[in-house]
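Structure first, then comments.
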Amino acid sequence: MTALLTPATDTAIGQLLHKFTQGDASMLGHVADDIDFRIDHFRDEADTSWQVAGSLDGLIQVLGRLGQEVFPKGTTALGLDTFALGEGWHLTRFHQRFYYGVRQCDVTSVTQIISHEAHGKVDYFRETVTDIVSV
């Protein structure tokens with residue numbers, strides 16, 4: 001099976017991330033009530049233990065804290081590539097630029113996201129932050 005580059009607008013994950021970069025709360029309309037959500041960092045000492053949710057209400061709490069501590073000035077997408085893996089699964093490469101509240105400086109970051117969607121809603125989200133580079 002070959003992964004196919006898919007227009008982000010054709011996927012719930014693409015719409016969710018686009019609205020996230022716009023600060024648009026309607027992004028939550030693309031999330032299932034029983035979302036299985038987690039963010040990890042590759043070779044970074046950041047404490048991500050709180051970046052986990054098993055419900056939409058839990059995700060709202062995580063997003064609130066991310067907004068205060070990680071993205072106090074929002075974020076800008078530099079690239080968003082989504083590959084359909086089949087049966088609702090997607091691999092997304094998300095390249096962004098933002099003011100990183102933890103380090104108090106502007107950074108770029110590339111993340112890899114494995115997600116699953118059903119009925120137009122993301123029900124599984126695993127993000128690995130692969131790097132955070134000061135600019």
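The values are calculated or read from the model by the stated rules, or taken from the named source; none is laboratory data. Quantities reported herein were computed from a predicted structural model and do not represent experimental measurements. Here the Cβ is made from the backbone with ideal geometry for all residues, glycine too, and neighbour counts use every protein chain on show. The protein model used for the area step is the full one, side chains on, heavy atoms only, and it has no ligands, DNA or RNA in it. Shrake-Rupley method; radii C 1.70, N 1.55, O 1.52, S 1.80 Å.
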| field | 5 Å binning of all Cα-Cα separations within the chain, expressed as whole percents from 0 upward | value | 2, 10, 20, 26, 22, 13, 5, 1, 0
| request: Specify the longest stretch of the chain that does not include any exposed loop site, a site being one of the trypsin sites (Lys or Arg not before Pro) with a non-H, G, I, E, B DSSP assignment and at most 12 other Cβ atoms within 10 Å. | output: 1-42
| task | Go from 0 up to the bin containing the longest alpha carbon distance in the range 18-93, width 5 Å each, and give me the % of pairs per bin. | result | 3, 12, 18, 26, 26, 12, 2, 0
| field | Degrees between helix 12-22 axis and first principal axis of the chain (Cα, 0 to 90, nearest 10) | value | 30
| query | Label points 7 Å out from Cα along the Cβ direction at Leu5 and Ala118: separation in nm? | reply | 3.1
| task | Provide the per-residue ³J(HN,Hα) series for the range 76-81, in order, calculated from phi with Karplus coefficients 6.51, -1.76, 1.60 and θ = phi - 60°, each as a whole number of Hz, with x at glycine and proline positions. | result | 10, 6, 9, x, 8, 10
| Using alpha carbons only, how many degrees (0 to 90, rounded to 10) separate the axis of helix 56-69 from the longest principal axis of the chain? | 30
| Length released on extending from Asp34 to Glu69, taking residue separation times 0.36 nm less the Cα-Cα span | 10.1 nm
| remark: Packing-ranked peptide list from 109-116, 52-59, highest mean Cβ count within 10 angstrom first, is 109-116, 52-59
| message | Using a 7 Å offset from the Cα along the Cα-to-Cβ direction at both Val110 and Trp50, what is the distance between the two label points in nm, to one decimal? | response | 2.9
| request: Skip the ligands, DNA and RNA, and give the accessible area per residue of the range 47-135 with a 1.4 Å probe, whole Å². | output: 50
| query | Which FRET efficiency value, to the nearest 0.05, do you get for Ala84 and Val62 by plugging their Cβ-Cβ distance into 1/(1 + (r/R0)^6) with R0 = 22 Å? | reply | 0.25
| query | Where a ≥ b ≥ c are the square roots of the eigenvalues of the C-alpha gyration tensor, would you call the range 1-52 rounded, which needs a/c under 1.5, or, failing that, prolate if a/b is larger than b/c, or oblate? | reply | oblate
| query | Of the accessible area of the range 11-51, with the probe set at 1.4 angstrom, what percent is carbon plus sulfur? | reply | 45
| Å³ per residue of the Cα convex hull, for the range 62-127? | 90
